[in-house]
Every structure is written in C-alpha cells, then in structure tokens.
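To start, the structure itself, in structure tokens.
Nothing in this text is a laboratory measurement; each read-out follows from the coordinates by a stated rule. Quantities reported herein were computed from a predicted structural model and do not represent experimental measurements. Note that we place each Cβ from the backbone using ideal geometry, even for glycine, and neighbour counts take in every protein chain shown.
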Amino acid sequence: MRFAPLLILLACALPYAAQAAEHEVIVGADGQNAYSPNLLKISAGDTVTFRQVGGFHNVSSSPGAVTTFRCGPGGCDGVGAGNGDPGGGTWQQSVMFPDAGTANYLCDVHGQSMSGTIIVNPVPVTLQSFDID
Ligand SMILES: [Cu+2]
C-alpha cells in the first residue's frame, strides 16, 4: 500500500509570550495630592511602579481589588518586613498584577480625594497553525 504524504493541519492555542511591561504612576507630582496617571490600563503580568516625588502619601488598594497592595516608603504590607504606611520624601515600590480585573486604590491620608484605578486586561491569546508531513 502506498500512503500519500499526510498533511495535518494542527491548530494549537498557545499563550502569546508577550513581554511583561513596566508602568509608572507618579505620586504627588507638582505638590498635588494626586496620582498621575490616575487611570492606567495594563495587561496581566505587567508591573506598576508607584514613585512618590512629593507630599506625604501611600498607595492602598480598595476592597475588591484584583490584586491587593498597600505600599509606602517602608515597603509593602505582606512583602517581607515591609510596612505600607504613608510617609514623606521620595520613594518607589513596584507591584505586579498577575490577574485580569480592576484595582481601585487610594491614599490612606487623603482618602477618596486622592485615588486611582488600574485596569488589568487579560493577556491576548493567538492561534498558530503548523503543517506536518
Ligand atoms: Cu495622599
């Protein structure tokens, strides 16, 4: 028996190996009790660095946030011996967001008047095809 070369088209769903991106939120720019940007859209797996340049602040996720964090000059709650209490001076802390969803956050000193939102989009999935013979 002869067999013609077998051509198989195989479609596999492979997670797109996107490079995780780094983002920055400035805390207390220009003497304002504000985060800039106060609305940030990222992808799952990305990291956000909160960088305080002035004032006396922290970043504290609100109930229901997809990723929980509370960070300040002394680090982040639950990360080593970190303490997310507000403070002055310049500092920066990084938070990675592994899951898609929304994280609202605010400053424990200034409350809702100093708040921000991070929208974490799912990582896109691409379909790839392979020819096998
Ligand atoms: Cu504040």
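Pairs of Cα atoms in segment 65-133 fall into 5 Å distance bins, from 0 up to the last occupied one, in shares of 3, 14, 18, 20, 15, 8, 5, 4, 4, 3, 3, 2, 1, 0 percent. Across segment 89-99, computed HN-Hα scalar couplings (Karplus, 6.51 cos²θ - 1.76 cosθ + 1.60, θ = phi - 60°) run x, 10, 7, 8, 9, 10, 10, 9, 10, x, 10 Hz from first to last residue, x flagging Gly and Pro. With R₀ fixed at 41 Å, the C-beta to C-beta distance from Ser129 to Lys41 puts the FRET efficiency at about 0.85. Annotation for segment 22-48 versus segment 93-133: alpha-carbon center distance of 12 Å.
GNM on the chain, alpha-carbon springs under 10 angstrom: the most fluctuating residue among Gly84, Gly74, Gly111 is Gly111. Going 7 Å from the Cα of Asn33 in the Cα-to-Cβ direction, what parts of segment 84-99 have a backbone nitrogen less than 15 Å from that spot? The answer is 86-88, whose backbone nitrogens lie closer than 15 Å to the label point.
When the P(r) of the chain is calculated, the portion above 24 Å amounts to 39% of the C-alpha pairs.
The phi torsions of segment 31-42, fed into the Karplus equation with coefficients 6.51, -1.76 and 1.60 and a -60° offset, translate into couplings of x, 8, 7, 7, 9, 9, x, 8, 10, 10, 10, 10 Hz, rounded to whole numbers, with Gly and Pro shown as x.
Once backbone amide H atoms are built at 1.01 Å from N, Ala34 has Gly28, Ala29 as its partners under 5 Å, excluding neighbours fewer than 5 places away on the same chain. DSSP finds beta bridges in segment 19-125, and of those with both partners inside it, around 70 percent are antiparallel. Amide H to amide H, with H built 1.01 Å from N, Phe69 comes under 5 Å of Ser61, counting only residues 5 or more places away or on other chains.
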